[in-house]
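Any read-out appearing in this document is the output of simple, stated calculations on the displayed coordinates, not a laboratory observation. Predicted, not measured: the structure shown is a model, and the values here were computed from it. Every residue, glycine among them, receives a Cβ derived from its backbone with ideal geometry; neighbour counts consider all protein chains shown.
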C-alpha cells in the first residue's frame, strides 16, 4: 500500500471515529472510497470490494488492510464457496456524480491458493450478461446471482451451466439475494429508486431443482430507500442494509432509517443497528463463531458483534 493511501486512511479513520459516538457497539474496521460486497473467508479474514478504484481488499485477522486484487473488473458482491474459493460478481457499470466505471460482465471464482481466476458465467443464451451484482449459494453449492440493471436472476449449476430463474417484468431492479437455512425460500431485494418502483424484499418458494414460485412481499421499505445487500443468520432472520441518513435527489424518503434492519422469517423487523455513514450497501457474517457482522457503508467498513451466528451465504 502506498504512503499516499496510508495517509488518506489515517486521516479518514480519525474523522470517522469522531462520528461514531452515537453507535457505541459499532466499530470502524477500515476506510476507503466506496465499499461493497463483504465476505468472510474460512480463515476468519474479510474480503470486500472498493468499486471506484476497482480493487478487492483484504482485512486480515490481525486488522491489517491490504489489496488482494488490483484491476478487479468492477467487482461488487463477493462470496466464499464451501471449498474456500472466492466468487465475485463483476463488470456492472457503476456511476455516481463525477465517476463512471464499467467492465466485462461476468461471475468469476478465484482459487486463493493458486490465484487462478475461473469464469463461471459471462453470457446467457449466447448474449453477454448485463452486469452481475450480488450472489448467494445453497447447500448443494449452486450459485444464484442478480443483475440490477438487467432485471434478472440466474442460477449457476456448474461453470458455464446457467439458468435464468426470474426476469422482467416479474422483477424490476433485483439487488441483494439470500437463501433460507433450509433451502426452501429465496429472498430477493428490489431496489427501484423510481417513483412507484418496488423497494422491498420478495420471498419465493425454492424448489429442489432450483426454480422459484409463489412470490410474496416479505418486507416493504417504501417510501424509503430499499435494502442493497443482506445476509442471513442460523434462525433464518435477514440482516438487510437499507435506508438513508440524508436525501440523495431521488423520490426515496428518510422513512427507512440508515442501518441494518433485522427481519424475521415472518417478515417482521425485530432489531435495528443504526449506521451513521451514507450510503449503506451490504453486510456479511464472519469471525471464528460467525457472530461478527461486517457492514459496508459509503467509504467505510464497520463491524459489530451479534448475539446470533450467521451463515456464510
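Data overview
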| item | result |
| --- | --- |
| Spread of Cα-to-Cα distances over 10 Å intervals beginning at zero, given as percent, for region 42-150 | 14, 47, 32, 7, 0 |
| nm² value of the averaged projected area, convex hull over the Cα atoms of the chain | 15.1 nm² |
| Full-stretch length increase - residue 82, residue 149 - with 0.36 nm per residue and alpha-carbon distance subtracted | 21.2 nm |
| Residue exposure sequence - 70, 190 - by fewest surrounding Cβ within 10 Å | 70, 190 |
| Normalised contact order of the chain, rounded percent, pairs of Cα under 8 Å and 6 or more residues apart | 14 percent |
| Cα→Cβ-extended label distance, 7 Å offset, between residue 25 and residue 266, nm | 2.1 nm |
| Binned Cα-Cα distances of region 119-242, short to long, each 5 Å bin given as a whole percent | 2, 11, 24, 25, 20, 12, 5, 1 |
| Label point distance in nm, residue 113-residue 246, each placed 7 Å from Cα along Cα→Cβ | 4.8 nm |
| Burial ordering of 114, 136, fewest other beta-carbon atoms within 10 Å first | 114, 136 |
| Sequence of 261, 58, 218, 184 once ranked by neighbouring C-beta atoms within 10 Å, starting from the fewest | 184, 58, 218, 261 |
| Pairs of alpha carbons in region 164-313 whose separation is greater than 25 Å (percent) | 25 percent |
| Whether region 262-313 is rounded, prolate or oblate, judged on the alpha carbon gyration tensor where a/c under 1.5 counts as rounded | oblate |
